[in-house]
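Visitor: Quick one: the structure is below, questions incoming.
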Amino acid sequence: MQGLLKAAMIGAAAFAYTPQAVAQDLRLPGFGTTEAVQPHEQKTYIGLAICFALDESISMDGIDKSHQREAHYTALTDPRVVNAILSVPDGVMACAIRYSTNASVEINWVSLNSEEEIFAFANAMQNLDLYYPDQFITNHAAAVQMANSMMAQLREDRIYPTRSVLDLATDGINNINDLVRERHPWTSYDLEAE
């Protein structure tokens, strides 16, 4: 009987030991207090995620690169494009990568939900350095792989776009055709025919 009484007393003490008391003993923020802790399951949905990929291969000289950057700036700041971006439900996020043999992130994900943000992104793209250390062959697969990594980064950050777009700028054909077909069989055009 004494063991049963002892178990009942421990059980009663457990009910009396509230989450507030546990939090105070363990000093855990947000438990049993009015301090809110955001759950990791919080998700954000956006209308569009667009990754701009700029060709930095050896066939691109300084003039070509300047034209490429100017074209992106002109397109992004055109009032019709600005209005189109701002009309996307749930907003737009954009990033920019450069590629040749490999690819690198030049502008990480930013929101394009105001004219100021759009112009800031367009300016950043226009002012990318013309020097690229990995300037060799045109490897579209490197751009596609990096874009996929960037989209995965959004998911890791609990951001889910309704549409994902890769805007791939290039001056020529892919120089590693088998690699593109092998890793991305959904490619719908014949790279060798270009």
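Visitor: Looking at the stretch 149-164, which of its residues are in contact with a helix residue (DSSP H, G or I) (Cβ under 9 Å, 6 or more places away or on another chain) and under 23 Å from ASP55 (Cα atoms)?
Guide: SER164
Visitor: Identify the residue in the stretch 68-127 that is among the acidic types (Asp, Glu) and surrounded by 13 or more Cβ atoms within 10 Å (Cβ to Cβ) and, among all such residues, is nearest to the chain's Cα centre (by Cα). If you could, list the steps in order and put the result at the bottom.
Guide: First, pick out the residues of the stretch 68-127 that are among the acidic types (Asp, Glu): 70, 78, 90, 106, 115-117.
Add one more test, that the residue is surrounded by 13 or more Cβ atoms within 10 Å (Cβ to Cβ), and what stays is 90, 106, 115, 117.
Details: ASP90: 16, GLU106: 12, GLU115: 20, GLU117: 16 Å.
The extreme case among them is GLU106.
Visitor: ALA124 - would you say it is part of a helix (DSSP H, G or I) and at pLDDT below 95? Spell out how you get there, then give the answer.
Guide: Values: part of a helix (DSSP H, G or I): yes; at pLDDT below 95: no.
When the stated conditions are applied, ALA124 does not pass them.
Visitor: Taking the options ARG98, ARG183, name whichever one is modelled with pLDDT of 75 or more and basic (Lys, Arg).
Guide: Values: ARG183 fails: modelled with pLDDT of 75 or more.
Going through ARG98, ARG183 in turn, the sole match is ARG98.
Visitor: Follow-up. Applying the selection to the stretch 128-156, what residues are open to solvent by 60 Å² or more (accessible area, probe 1.4 Å) and without any contact (Cβ under 8 Å) to a residue 24 or more places away in the chain?
Guide: ASP129, TYR131, PRO133, ASN148, SER149, ARG155, GLU156
Visitor: Name the single residue that is farthest from the chain's Cα centre (by Cα) among those in the stretch 43-67 being β-branched (Val, Ile, Thr) and open to solvent by 80 Å² or more (accessible area, probe 1.4 Å).
Guide: ILE63
Visitor: Inspect all residues belonging to the stretch 86-94 and state whether any of them is of a type in the set (D, E, K, R) and free of Cβ contacts under 8 Å to residues at least 60 places away in the same chain. Let's see the steps before the verdict.
Guide: Residues of the stretch 86-94 that are of a type in the set (D, E, K, R), as a first pass: 90.
So of that shortlist, the ones also free of Cβ contacts under 8 Å to residues at least 60 places away in the same chain come out as none.
No - not one qualifying residue is present in the stretch 86-94.
The values are calculated or read from the model by the stated rules, or taken from the named source; none is laboratory data. It should be emphasised that the depicted structure is a prediction, and the values quoted were computed from it without experimental measurement. Glycine also receives a Cβ, built like all others from the backbone with ideal geometry; neighbour counts cover every protein chain displayed. Ligands, DNA and RNA are excluded from the accessible area calculation, which covers all protein heavy atoms including side chains. Shrake-Rupley method; radii C 1.70, N 1.55, O 1.52, S 1.80 Å.
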